[in-house]
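J.: Structure provided below as structure tokens; questions to follow.
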Amino acid sequence: MIITKSELLADKERFARDVSEGAIFLHPTDTINGLGCIATDKKAIEKLRRIKENPSTPFSVIAPSKQWIRENCIITDEAEKWLKLLPGPYTLVLKLKNKNAVSKLVNPQDETIGVRIPNHWISGFVNYLEHPVITTSANVVGHEYSSDLDDLHPNIKNNTAFMIYEVGSSMRPSDIVILTEDKPKIIKRK
């Protein structure tokens with residue numbers, strides 16, 4: 001089902017319930033379209049990994065708030081500087097303080113997490129959910145991502161509960177800022 005921002009907001013409670021119950025959905029951001037699900041639901045994340053044909057690469061999350069990030073991640077002085085730049089086109093990679101904040105399947109490799117707060121209305125929807133939501137590129141591993149719904153891989157088209165369509169999404173992913181070491185490492189993506 002393809003919906004608009006207006007349709008999502010008009011029936012926000014229903015869509016929030018669907019996501020809370022494990023729905024996989026496509027959403028716009030201030031960068032590229034994302035494929036997501038609730039980040040605490042192991043079964044939903046397993047399904048998302050099958051859809052993307054991605055067994056183990058870490059996923060990032062849209063955090064419901066900066067407060068959530070501070071409560072669940074280790075925030076150094078350097079990380080605090082970057083946190084002040086949110087909302088924005090950055091994914092901050094931080095060490096988890098609360099190992100139960102998200103499913104272990106978000107990052108099966110270690111105890112770090114990529115967090116985002118997009119400068120986009122979708123952040124308000126995630127805040128309404130009060131739980132982090134996976135945000136990963138809307139493509140199958142090895143295939144290009146597209147902002148055109150007609151070009152989506154059949155795995156995505158056939159396995160999402162709903163897709164929020166918005167004209168004008170960017171084709172540039174967020175910059176990754178790794179804040180788990182003494183000095184930040186910035187990975188600019190194209």
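J.: State all residues of the range 103-127 that are within 23 Å of ASP30 (Cα to Cα), buried (at least 18 other Cβ atoms within 10 Å of the Cβ) and hydrophobic (A, V, I, L, M, F, W, C); if no residue qualifies, say none.
T.: If the condition is that a residue be within 23 Å of ASP30 (Cα to Cα), buried (at least 18 other Cβ atoms within 10 Å of the Cβ) and hydrophobic (A, V, I, L, M, F, W, C), then VAL106, ILE113, VAL115, ILE117, ILE122, PHE125, VAL126 are the ones that fit.
J.: Restricting to the range 171-183, and then to whatever is surrounded by 15 or more Cβ atoms within 10 Å (Cβ to Cβ) and not aliphatic (A, V, I, L, M), can you tell me which residue is modelled with the lowest pLDDT?
T.: Going through the qualifying residues, I end up with PRO173.
J.: Quick one: in the range 68-116, of everything that is under 26 Å from ARG172 (Cβ atoms), in a loop (DSSP other than H, G, I, E, B) and touching a Ser or Thr at 6+ places or on another chain (Cβ under 7 Å), which residue is modelled with the lowest pLDDT?
T.: Result: GLN109.
J.: Could you tell me whether any residue of the range 63-72 is exposed (fewer than 15 other Cβ atoms within 10 Å of the Cβ), basic (Lys, Arg) and either under 14 Å from the mean Cα position of the chain (by Cα) or over 20 Å from ARG189 (Cα atoms) (or both)?
T.: no
J.: Run down LYS99, LYS157 and say which single residue is closer than 24 Å to LYS47 by Cα, surrounded by fewer than 21 Cβ atoms within 10 Å (Cβ to Cβ), in contact with a Leu (Cβ under 9 Å, 6 or more places away or on another chain) and without any contact (Cβ under 8 Å) to a residue 40 or more places away in the chain.
T.: LYS157
J.: Which of the residues belonging to the range 3-50 are buried (at least 20 other Cβ atoms within 10 Å of the Cβ) and in contact with a Cys (Cβ under 8 Å, 6 or more places away or on another chain)?
T.: VAL19, ILE24, PHE25, ALA44, ILE45, LEU48
J.: For the range 41-67, name all the residues that are in a loop (DSSP other than H, G, I, E, B) and in contact (Cβ under 8 Å) with a residue 40 or more places away in the chain.
T.: Hits for the range 41-67 are ASP41, GLU53, ASN54, SER56, THR57, PRO58, PHE59, ALA63, PRO64, SER65.
J.: A further question on this structure: If THR29 satisfies all but one of (1) at pLDDT 95 or above; (2) in contact with a Pro (Cβ under 8 Å, 6 or more places away or on another chain); (3) not aromatic (Phe, Trp, Tyr), what's the number of the condition it fails?
T.: (1)
J.: To continue, here is another question. Counting only residues that are outside any loop (DSSP other than H, G, I, E, B) and either modelled with pLDDT under 95 or not aliphatic (A, V, I, L, M) (or both), how many does the range 117-131 have?
T.: Final tally of qualifying residues: 5.
J.: Is there a residue in the range 39-59 that is of a type in the set (Lys, Arg), within 16 Å of TYR90 (Cα to Cα) and over 12 Å from the mean Cα position of the chain (by Cα)?
T.: No: zero hits.
The values are calculated or read from the model by the stated rules, or taken from the named source; none is laboratory data. Values in this document were obtained by computation on a predicted structure and should not be read as measured data. We place every Cβ from the backbone using ideal geometry, glycine too, and count neighbours over all the protein chains shown.
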